[in-house]
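Since the structure comes first, as structure tokens, the remarks are kept for the end.
The values are calculated or read from the model by the stated rules, or taken from the named source; none is laboratory data. For clarity, every value in this text was computed on a predicted model and none was experimentally measured. Note that we place each Cβ from the backbone using ideal geometry, even for glycine, and neighbour counts take in every protein chain shown.
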Amino acid sequence: MIARFFRNDASPAAPARATLRDVASEPWDLICVGGGMAGLCASNRAWQLGLRAIVLEAGVEDIYACNTRRSGGAIHCCMADITDPEETILERIRRDTAGAARPDLAAAIARDGRRAVQWLRAEGAHFIRVALTGQNHVLAPPRPARAGWHWEGRGPDVLVRRLGANLARRGGHLVRGARVTELLMRDGACVGVVAQCGGDSYRLTARAVLVGCASAEPAVDAGPHVDLAGSVEREHHTQDRVSVEIGVANPAVIGY
């Protein structure tokens, strides 16, 4: 059953990998740190909009571990349908955060939830409804309802593979084994990163950088809140949730 969710472009086989050395001297519009949902969505959307984007992933394996792959695969907001009417979603966010949510990010999630699901479907995501949990948009095939890390070949893993294949087809690169250790700042904006691979360090510059890693112990210490955006994106993350708003219309996805 699982095999039918894979197309040729989502299989583990991939073109020859670009190395950090290969891409370090190229000009980039967007550098995405982390090869999970945030980085892969943002980079693919950037290429659709005519921008040059790259993803730097610390994992070295073909099927590298990441939070997205280990997730339950439900696209939701406040445990409810992310495609509900905008005002309904905003009210849930205000209720569940006791009014502490940033209004601009809450508005982006409420406004773009439906479009995010549509965009993911167009990129090859398959969704099912899981009545037991009341979730209407669960990535298929779903994770088994038993303890353990049974994520390979399941919906979130399938989506990560598919988005990676889409990025390669558009001309982008997902560079594995690239561990970002420093953000390059200029005039209060992030203009690049320092990344390490095999003991060597490389400086990569871009118009903007998106930190899409929600690790509890991130490799990059960006402080409690850093505006990495300039004009292209804003990113706010906590230990267990990443909310991303891309000013150039990347779909905001939360709650997987």
Open item on the list: For the structure I just gave you, tell me whether residue 178 is under 17 Å from the mean Cα position of the chain (by Cα), modelled with pLDDT under 95 and under 20 Å from residue 36 (Cβ atoms).
Closed with: no
TODO: Name every residue in the range 25-37 that is within 14 Å of residue 209 (Cα to Cα) and at pLDDT 95 or above, in order of residue number.
DONE: 28, 29, 30, 31, 32, 33, 34, 35
- [ ] Please work out which residue is nearest to residue 137 (Cα to Cα), limiting yourself to the range 103-114 and to residues that are out of contact with any helix residue (DSSP H, G or I) (no Cβ under 8 Å at 6 or more places or on another chain) and surrounded by 14 or more Cβ atoms within 10 Å (Cβ to Cβ).
- [x] 114
Open item on the list: Criterion first (of a type in the set (A, V, I, L, M, F, W, C), modelled with pLDDT of 95 or more and either part of a loop (DSSP other than H, G, I, E, B) or on the phi > 0 side of the Ramachandran plot (or both)) does residue 40 satisfy it?
Closed with: no
Task: In the range 52-75, residue surrounded by the most Cβ atoms within 10 Å (Cβ to Cβ) [restricted to those that are part of a loop (DSSP other than H, G, I, E, B) and either touching a Leu at 6+ places or on another chain (Cβ under 6 Å) or hydroxyl-bearing (Ser, Thr, Tyr) (or both)] - done: 73
Open item on the list: For the range 126-166, which positions are crowded, with 22+ Cβ neighbours inside 10 Å and touching a strand residue (DSSP E or B) at 6+ places or on another chain (Cβ under 6 Å)?
Closed with: 135, 137, 138, 155, 156, 159, 164
- [ ] List the number of the failed condition for residue 202; all other conditions in (1) on the phi < 0 side of the Ramachandran plot; (2) modelled with pLDDT under 95 hold.
- [x] (2)
- [ ] Report, ordered by the first and then the second residue, all pairs with beta carbons closer than 6 Å, sequence separation of six or more or different chains, a first member in the range 182-203 that is without any contact (Cβ under 8 Å) to a residue 60 or more places away in the chain, and a second member that is of a type in the set (Gly, Ala, Ser) and outside any strand (DSSP E or B).
- [x] 189/230
Task: Criterion violated by residue 20 - all others in (1) modelled with pLDDT of 95 or more; (2) surrounded by 19 or more Cβ atoms within 10 Å (Cβ to Cβ); (3) not β-branched (Val, Ile, Thr) satisfied - done: (1)
Task: Looking only at the range 76-102, and only at residues there that are among the polar types (S, T, N, Q) and either touching a strand residue (DSSP E or B) at 6+ places or on another chain (Cβ under 9 Å) or assigned to a helix (DSSP H, G or I) (or both), the one that is surrounded by the fewest Cβ atoms within 10 Å (Cβ to Cβ) - done: 88
Open item on the list: Looking only at the range 181-193, filter to residues that are under 20 Å from the mean Cα position of the chain (by Cα) and not hydroxyl-bearing (Ser, Thr, Tyr); which one of those is surrounded by the most Cβ atoms within 10 Å (Cβ to Cβ)?
Closed with: 190
